[in-house]
1. Name the residue, out of G430, G415, that is surrounded by fewer than 18 Cβ atoms within 10 Å (Cβ to Cβ), touching a helix residue (DSSP H, G or I) at 6+ places or on another chain (Cβ under 7 Å) and in a strand (DSSP E or B).
2. Given the criteria touching a helix residue (DSSP H, G or I) at 6+ places or on another chain (Cβ under 9 Å), assigned to a helix (DSSP H, G or I) and open to solvent by 20 Å² or more (accessible area, probe 1.4 Å), does Y334 qualify?
3. Condition test on M393, is it touching an Asp or Glu at 6+ places or on another chain (Cβ under 8 Å) and either assigned to a strand (DSSP E or B) or without any contact (Cβ under 8 Å) to a residue 60 or more places away in the chain (or both)?
4. For segment 512-547, which positions are in a loop (DSSP other than H, G, I, E, B) and within 19 Å of R431 (Cβ to Cβ)?
5. Are there any pairs with C-beta distances below 9 angstrom linking a residue in segment 134-158 that is in contact (Cβ under 8 Å) with a residue 40 or more places away in the chain and part of a loop (DSSP other than H, G, I, E, B) to a residue that is surrounded by 15 or more Cβ atoms within 10 Å (Cβ to Cβ) and of a type in the set (F, W, Y), with the two at least 6 apart or on different chains, and if so which?
6. Pick from segment 440-490 the residues that are among the charged types (D, E, K, R) and not in a loop (DSSP other than H, G, I, E, B): which of them is least open to solvent (accessible area, probe 1.4 Å)?
7. Which of the residues spanning segment 279-298 are part of a helix (DSSP H, G or I), over 25 Å from H220 (Cα atoms) and open to solvent by less than 50 Å² (accessible area, probe 1.4 Å)?
8. Taking only segment 248-267 into account, find how many residues are open to solvent by less than 10 Å² (accessible area, probe 1.4 Å) and either in contact with a helix residue (DSSP H, G or I) (Cβ under 7 Å, 6 or more places away or on another chain) or over 13 Å from L313 (Cβ atoms) (or both).
Amino acid sequence: MATTYPTYSTMVEFFYHWERETPNNTFLRQPSGKEWKELTFAEAGQEARKMATALKEMGLKQGDHIAIFSKNCYHWLLADIAIMMGGYVSVPLYASLPKHKLQEVMEISDSKAIFLGKLDDWGDRAQGIPEGVHMVRFPHYPGNAKVDVGMDWDELVAEHEPQQGSYAPDPDSLWTLMFTSGTTGTPKGVMHLHRTPAQILVDEQEDNWLGLGQTKKKKHFSFLPLNHVAERVAVESASIASGGSISFVENIDTFAQNIQDTQPSVIFAVPRIWTKFYLGVLEKMPQEKLDRLLKIPIVSGIVKKKLLKALGLSDAEVVATGAAITPAYLKTWYQKLGIHLIEAYGMTEVCGSIANSPMKDCPPESVGKSIPRGEVKIHPETGEILMKTPYMMTGYYKEPELTNKVLIDGWMHSGDRGSMDAQGYIRVTGRVKDVFKSSKGKFITPNPLEEVLAENDFVEQVCVAGLGCPQPLALVNLSEIGKKEDPKQVESSLHQSLTELNAKLANYEKVSTLVIDQELWSQENEMLTPTLKVRRGKLDETYMQKYVEWHESPSKIIWHK
């Protein structure tokens, strides 16, 4: 198949191509109220080139590490492009890092400069930046915290001439250090080369596996953290490679309006976001009514069109889900609206996906098949999923022993348990370390149990736990629908879900008690990772002393404040 964009060995060369060939095309779109600030490829190129000059005049040398500490915004992209133009190594960080974690990753990464940008909170984070590190602050984004340290971005851009020429780093030099979000322990800096994202996009174009390069309008929507590998490759890199546009979100309150205004052709979201969309629809239209309307031929088309427009998905061509395993019921529900959720299963260590489900007949409980140039196998003894791909990391930064523990004979040991059927469809059943032993000495695999309970519309988050307890327990956060419902009705519905689940389980697996935790699990209280996955270790740490008490309670449903 002929490619619709040229072949390059580094992402910055793709950018130079569109800067030269389509200078007046819109590249970046940043909302502010009802207005959108737009930058063309030429404008973005000039600003990034000036920042590249400024970085050089600070005394930074090619190969130096530069961190980006900000939520997604157009300055994030400009900073990243300037880093590539100067031959530096990017170190993107989660914008939610507290002071001690910021200091930890800054020291581990050996970063010599940091871009400080759009943040919910600033507080004492300046104390987490080591002495001697060059600091550049983005222009202030209204509604966000004011950063009061560092050199001003606009002033630096105004004072410097744009870098001349089209410098491209050696494809085999270090492109980035991406720190894993992780649920426990010290963050690990995953090293990837410049050639890797470029090769992924070139191969994707040739294989047309996901269709990223074949979308008609090439409108990307960016709201998941740009330091997460999926957003970095499937949104930022895909847009740069294809000459497309990227639209950002102003804040959580404007999310719905921003996506409706954009109607992206490419969108990637985590399961919790797709769950929120789904529950948002059911708040306005109960499932029974929706099912009735979707069975009426003419009405069905009208309803689908209206819902997709409201969800911002009317132009969607590639709709992806990942970072955590997406429940089968959620994929089935979106299929009714004509939206095929493509699962992206992989790791930061393999620079994105090792398996995807673009095929429409993919079983909903599967994450699809291995990518065209990748391999997957299941460890015969442990059931662990092993991966091999041309896009593998070169290792963890300054951690050769940790690298050797997970990269063995060219295979990446994922830490996930799973299976693969005769057709090559892969199913992930949970993390190897998530499996826990009850006090009866039986091993419990929580993920399949959680998927069943999550089908209840009153549930937004669920975690099956119970380490050291005779039987597993289920902890849940209620959805907005559940919070508004009469508590007795909530209890009745959850009791029914529990009964239906337990009817299919062996005695040792049966969930004895369902606990409604009325404290919202969030990044702030460390119950969720930055990619909105539940931190099981944190829940265990917080509630383990109550597990046996809850298990022995005569009530099957417990409200915990």
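The values are calculated or read from the model by the stated rules, or taken from the named source; none is laboratory data. What you see is a predicted model; the values in this text were computed from it and never measured. Don't worry about glycine lacking a Cβ; one is built from the backbone with ideal geometry, like all the others, and counts go over all protein chains shown. These area figures cover heavy atoms from the full protein model, side chains too; ligands, DNA and RNA do not enter into them. Shrake-Rupley method; radii C 1.70, N 1.55, O 1.52, S 1.80 Å.
1. On the way: G430 fails: surrounded by fewer than 18 Cβ atoms within 10 Å (Cβ to Cβ).
The conditions single out G415.
2. Working: touching a helix residue (DSSP H, G or I) at 6+ places or on another chain (Cβ under 9 Å): yes; assigned to a helix (DSSP H, G or I): yes; open to solvent by 20 Å² or more (accessible area, probe 1.4 Å): no.
It is false that Y334 is touching a helix residue (DSSP H, G or I) at 6+ places or on another chain (Cβ under 9 Å), assigned to a helix (DSSP H, G or I) and open to solvent by 20 Å² or more (accessible area, probe 1.4 Å).
3. Numbers: touching an Asp or Glu at 6+ places or on another chain (Cβ under 8 Å): yes; either assigned to a strand (DSSP E or B) or without any contact (Cβ under 8 Å) to a residue 60 or more places away in the chain (or both): no.
So M393 does not fit the description; no.
4. Here is the first cut: in segment 512-547, the residues in a loop (DSSP other than H, G, I, E, B) are 512, 518-527, 529-533, 535.
W521, E526, M527, T529, P530, T531, L532, K533, R535, listed by residue number.
5. Final answer for the pair search is F138/W76; F138/F115; F138/W153; P139/W153; N144/W122.
6. From segment 440-490, those among the charged types (D, E, K, R) are 440, 442, 450-451, 455, 457, 460, 480, 483-486, 488; that's our starting set.
Then keep just the ones that are not in a loop (DSSP other than H, G, I, E, B); that gives 450-451, 460, 480, 483-484, 488.
Working: E450: 16, E451: 36, E460: 33, E480: 82, K483: 112, K484: 146, K488: 160 Å².
Filtering segment 440-490 for residues that are among the charged types (D, E, K, R) and not in a loop (DSSP other than H, G, I, E, B), the one least open to solvent (accessible area, probe 1.4 Å) comes out as E450.
7. Of the residues in segment 279-298, the ones part of a helix (DSSP H, G or I) are 279-284, 287-294, 297-298.
From what is left, the residues that are over 25 Å from H220 (Cα atoms) are 282-284, 287-294, 297-298.
Those that are part of a helix (DSSP H, G or I), over 25 Å from H220 (Cα atoms) and open to solvent by less than 50 Å² (accessible area, probe 1.4 Å): L282, Q287, L290, D291, L293, L294.
8. Count: 3.
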